[in-house]
Every structure is written in structure tokens, then in C-alpha cells.
Amino acid sequence: MKHFNEQISKAKTIAITGHIHPDGDCIGSCLALKQYILDNYSGKKVDVYLESISTEFRFLSHAQEIITESKDDESYDLFFVLDCGSEDRGFESLHSPHFPPRRGLAHAGYWDVAKW
């Protein structure tokens, strides 16, 4: 957990995404991480990128702020991919030079939770 918190502390801008066709687990985990960061780290810019979500999840805090397409003028210091068990389930709209390169699942930013 120490490494996790250090990485968030160092980052000024943070992006979060999940798998394609996001379900409740994916949407909830992405929005919960955003809320955690905003509640515990001041001055952070946190964006959540997902495909369009079902109307039944729009009541969730920050759901209206979900971005559905990558922004070419935006770059991030830290990038989280949540609830994604394989690379082919990644959010396909994030093919942008402003996101970490896709050289395999968990490239740059993988933490072994057993070591926390």
C-alpha cells in the first residue's frame, strides 16, 4: 500500500479506466478510486475513461464526469486500469500518445499486491 500511495502522491494528473462494455463492478471500482484519490490527496486532477455506461449507473458519484473518448491534448502522470483481466478487454478508445504504451497488460504501473 505504501508504493500505491507514493505513486498517487507524486502524480498531479491521474487517469483511470476499466474494461470494454463496463459493468457495475468496473464502473464502481473506477469511480470509487477517483473518489478515494479526491478525498485523500489534495490538488489532483483525476479523469475516468470508460465506454458509455448504462443509465442505471448514472446515479453514482462522478458518473456524469466519465469521459468516453480520449483527449488528444491531455496527458497523465499516472494511469490505472481496473477490473481488466486481459489485454483484449481493455478500453479500446485509449489509443493515444498521451497514455502509457500498450506493451502488454500491466506495463508501467503494475504492483504486486502480495508485497503491500
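Can you tell me which residues in region 9-18 are over 10 Å from the mean Cα position of the chain (by Cα) and in contact (Cβ under 8 Å) with a residue 40 or more places away in the chain?
Result: Lys10, Ala11, Lys12, Thr13.
Quick one: count up the residues across region 23-41 that are among the hydroxyl-bearing types (Ser, Thr, Tyr) and either in contact (Cβ under 8 Å) with a residue 24 or more places away in the chain or in contact with a Pro (Cβ under 6 Å, 6 or more places away or on another chain) (or both).
2
Which pairs do you get when a residue that is touching a residue at least 12 places away in the same chain (Cβ under 8 Å) and surrounded by 14 or more Cβ atoms within 10 Å (Cβ to Cβ), found in region 42-54, comes within reach of a residue that is of a type in the set (D, E, K, R) and part of a loop (DSSP other than H, G, I, E, B), reach meaning Cβ atoms under 7 angstrom, with the pair 6+ apart or on two chains?
Listed pairs, sorted by first residue: Lys44/Lys12; Lys45/Lys12.
For region 18-52, give me the residue count where each residue is at pLDDT 95 or above, part of a loop (DSSP other than H, G, I, E, B) and farther than 17 Å from Phe79 by Cβ.
Within region 18-52, residues that are at pLDDT 95 or above, part of a loop (DSSP other than H, G, I, E, B) and farther than 17 Å from Phe79 by Cβ number 2.
Look through region 56-80, keep the residues that are in contact with a helix residue (DSSP H, G or I) (Cβ under 8 Å, 6 or more places away or on another chain) and in a strand (DSSP E or B), and return whichever of them is surrounded by the most Cβ atoms within 10 Å (Cβ to Cβ).
The selected residue is Phe80.
The values are calculated or read from the model by the stated rules, or taken from the named source; none is laboratory data. Keep in mind the model is a prediction, meaning the values are calculated, not measured. Every residue, glycine as well, gets a Cβ built from its backbone with ideal geometry; the counts of neighbours run over all protein chains shown.
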